[in-house]
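S.K.: Supplied in structure tokens, the structure appears directly below.
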């Protein structure tokens with residue numbers, strides 16, 4: 001392994017110094033919690049009886065305290081394809097626990113939204129804050145002082161960050177994330193995108209669009225494009241929270257079952273009473289967070305993690321911001337091209353070498369911290385190998401060179417020399433620009449803007465032909481305090497059509513575009529957001545007017561307008577929308593902090 005890259009070292013030292021007070025307070029907390037909640041013998045007999053009553057098969061073992069008791073937190077539902085395989089997991093995980101003298105109980109469940117189902121619908125306004133609800137649900141599950149370790153069953157967009165944020169507040173426990181894997185490959189993603197654009201132009205029917213979508217999303221397992229769900233799995237590997245190579249093994253295979261079994265056995269082995277104690281709060285430290293950021297950049301992962309990663313880090317007392325991500329991006333090359341950045345999907349990515357190849361390349365180039373504590377007994381180097389079966393035995397093998405250089409390349413011959421995530425700043429605020437899927441000649445767009453307050457109005461204007469020109473589409477009042485910061489993917493086909501017609505087009509928004517962000521240049525997550533709220537001051541997007549010239553430039557890191565914003569009154573906040581349960585989330589919207597801090601009401605209200 002090479003000497004650590006200078007930029008990686010510098011950013012890491014800066015994050016460590018910035019985080020020193022909060023990280024120290026966090027480590028003190030989990031040490032106290034380990035002492036307070038670390039031994040069930042101090043719990044009253046009545047309390048224990050309640051906890052043991054529902055598990056007749058394991059009552060004797062629990063009463064005798066023969067081995068560790070593992071809590072299972074599950075995000076199962078069968079509306080979400082990635083989580084449908086978790087249906088029978090608790091039964092199997094309990095059997096695996098008994099094999100090593102341990103027990104396991106379902107500690108609790110969490111909600112699990114599918115952003116693919118709620119795209120463009122009112123329910124999307126609950127999506128981001130479902131992460132806080134999941135974190136709170138995880139905390140409720142682990143609050144019973146009954147567990148010596150925990151297994152997290154979750155994969156998709158807000159679910160993994162929420163599970164991690166909640167479980168980190170019980171960081172004295174060892175925790176392993178157990179993925180279920182991606183669905184088999186379906187309709188090629190480029191073809192899916194083509195049909196979407198045809199439908200946006202009125203050249204494909206609704207029946208043709210539905211047939212295309214169902215050929216893409218067709219069976220249990222994670223969606224196969226490299227969006228937020230699969231970026232989550234990549235980051236869990238980069239932080240050492242999976243068993244090595246577990247991320248992209250398909251559901252229902254013998255190898256998937258072997259990895260699930262080994263995860264239970266390993267969780268039982270790394271508890272406080274054993275010889276190899278690996279508490280979650282020590283595994284997730286500043287270096288692990290930096291590794292996650294590096295993985296995100298090297299693979300062109302979801303821009304949602306510009307929000308989720310700071311939030312997950314804060315839950316562990318670590319403070320990271322967009323300046324850190326942008327500086328890391330300047331040093332980390334893009335070595336993977338997975339759709340929407342390339343043509344192939346995550347199954348092809350895994351077959352070409354997958355995470356084992358990526359981690360091996362990053363370690364060899366000094367672009368990842370090799371000395372992080374992981375759930376594996378063999379350290380982070382083990383994650384540069386790939387799992388397999390030798391008859392019935394689970395083994396890890398060398399990955400070797402890339403099996404497909406259209407998808408995975410070595411660090412010395414990357415697809416792009418940087419990680420494809422740029423910080424934009426200027427008199428319109430701070431925003432993220434994902435360059436990895438955007439052609440370089442489109443990294444600078446300067447044009448008159450058209451301002452909208454929702455994505456339905458954008459699509460209506462597109463259908464009326466009002467956007468057939470060079471235009472910067474501004475969609476404001478989409479931030480966390482305005483309406484929960486929904487994803488705006490319903491805009492992608494229309495904007496893509498305009499771009500294909502030869503117009504210079506960009507999107508500027510305080511909302512999200514996330515892991516499926518594609519070929520249209522977009523300044524997203526703009527902060528401060530336009531919404532002012534009671535007694536507040538809205539961000540500069542609230543002062544833009546139709547026709548103002550706006551410049552979006554990833555080359556210079558610019559997000560600016562030539563208009564005199566200071567001389568204008570801001571547009572009024574839109575009225576609060578009720579229905580689909582949105583009114584129940586009013587408190588979370590009111591107290592949410594900005595996108596760069598993680599857009600969390602829970603962390604802000606909790607003083608984190």
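S.K.: How do the helices (runs of 4 or more DSSP H) wholly within region 96-188 filter down when requiring 1 or more residues that are surrounded by fewer than 24 Cβ atoms within 10 Å (Cβ to Cβ): which remain?
M.R.: Working: elements: 115-118, 127-142, 159-168.
Correct list: 115-118, 127-142.
S.K.: Could you pull out every one of the strands (runs of 3 or more DSSP E) wholly within region 508-608 that has 3 or more residues that are under 30 Å from residue 496 (Cα atoms) and in contact with a helix residue (DSSP H, G or I) (Cβ under 7 Å, 6 or more places away or on another chain)?
M.R.: Output list reads 522-527.
S.K.: Moving to a separate point now. For the subset of region 69-81 comprising residues that are at pLDDT 95 or above and buried (at least 19 other Cβ atoms within 10 Å of the Cβ), which member is farthest from residue 257 (Cα to Cα)?
M.R.: Once the filter is applied, the top-ranked residue is 69.
S.K.: Turning to a different aspect of this structure: Kindly evaluate residue 342 against the criterion of being over 17 Å from the mean Cα position of the chain (by Cα), within 21 Å of residue 181 (Cβ to Cβ) and assigned by TED's automatic domain parsing to the domain that holds residue 128. I'd like the intermediate steps shown before the answer.
M.R.: Working: over 17 Å from the mean Cα position of the chain (by Cα): yes; within 21 Å of residue 181 (Cβ to Cβ): yes; assigned by TED's automatic domain parsing to the domain that holds residue 128: yes.
Answer is yes for this residue.
S.K.: Something else: Against the condition under 25 Å from the mean Cα position of the chain (by Cα) and modelled with pLDDT under 95, how does residue 435 come out, does it pass? So that I can check it myself, show each step before the final result.
M.R.: Details: under 25 Å from the mean Cα position of the chain (by Cα): yes; modelled with pLDDT under 95: yes.
For residue 435, the condition - under 25 Å from the mean Cα position of the chain (by Cα) and modelled with pLDDT under 95 - is met.
S.K.: Just need a number here: residues in region 485-510 that are at pLDDT 95 or above and either in the same structural domain as residue 227 (by TED's automatic domain parsing) or surrounded by 24 or more Cβ atoms within 10 Å (Cβ to Cβ) (or both).
M.R.: Selection size over region 485-510: 7.
S.K.: How about region 537-547: which of its residues are surrounded by fewer than 21 Cβ atoms within 10 Å (Cβ to Cβ) and touching a residue at least 40 places away in the same chain (Cβ under 8 Å)?
M.R.: In the first step, residues of region 537-547 are kept if they are surrounded by fewer than 21 Cβ atoms within 10 Å (Cβ to Cβ); the result is 537, 545-547.
Listed by number, the residues that qualify are 545, 546, 547.
S.K.: For region 200-228, which residues satisfy the criterion of being out of contact with any strand residue (DSSP E or B) (no Cβ under 7 Å at 6 or more places or on another chain), at pLDDT 90 or above, surrounded by 17 or more Cβ atoms within 10 Å (Cβ to Cβ) and not in a loop (DSSP other than H, G, I, E, B)?
M.R.: Within region 200-228, 228 is the sole residue that qualifies.
S.K.: Can you tell me which residue within region 418-428, out of those that are surrounded by 24 or more Cβ atoms within 10 Å (Cβ to Cβ) and at pLDDT 95 or above, is nearest to residue 524 (Cα to Cα)?
M.R.: 424
The values are calculated or read from the model by the stated rules, or taken from the named source; none is laboratory data. On a predicted model such as this, the values are computed, not experimentally measured, just so you know. Note that we place each Cβ from the backbone using ideal geometry, even for glycine, and neighbour counts take in every protein chain shown.
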